[in-house]
Amino acid sequence: MIDRTYRCNLCRDKHERQDTVGLHWQDWPAKGWIEKPSQETENHLCMRCLSSIQALAPRCGQGFECNGGPTCGSDHK
C-alpha cells in the first residue's frame with residue numbers, strides 16, 4: 001500500500017488526502033479552478049487555507065467586489 005501525503009499550495013504544510021481539497025484548472029466552459037478529489041490533482045489546499053480564502057470579500061473576474069464570481073458578465077458601470 002502506498003501512503004501519500006499532500007502539500008498545500010499556499011502554506012506548504014503536509015496533510016493527509018482527506019484534509020485537502022484538490023484543485024483543477026479548467027479552460028471551458030468558464031476559466032477557473034474546480035474542485036476534484038485530491039488524488040486526481042496536483043494542486044491542493046488545506047482546510048485552513050481554504051477557510052481563510054472563503055473569508056475574503058467575494059470578487060468577480062474583473063476584480064470588483066460582487067457576488068458574481070469568475071463568470072460575472074456585468075460591466076460594473
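The values are calculated or read from the model by the stated rules, or taken from the named source; none is laboratory data. Nothing here was measured: the structure is a model prediction, and the numbers come from that model. Accessible surface areas use protein heavy atoms only, side chains included; no ligands, DNA or RNA. Shrake-Rupley method; radii C 1.70, N 1.55, O 1.52, S 1.80 Å.
Key figures
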| item | result |
| --- | --- |
| Chain lengthening between K36 and C11 when straightened (0.36 nm per residue, less Cα-Cα) | 7.0 nm |
| Sequence of E42, E65 when ordered by accessible area, the most exposed leading, probe 1.4 angstrom | E42, E65 |
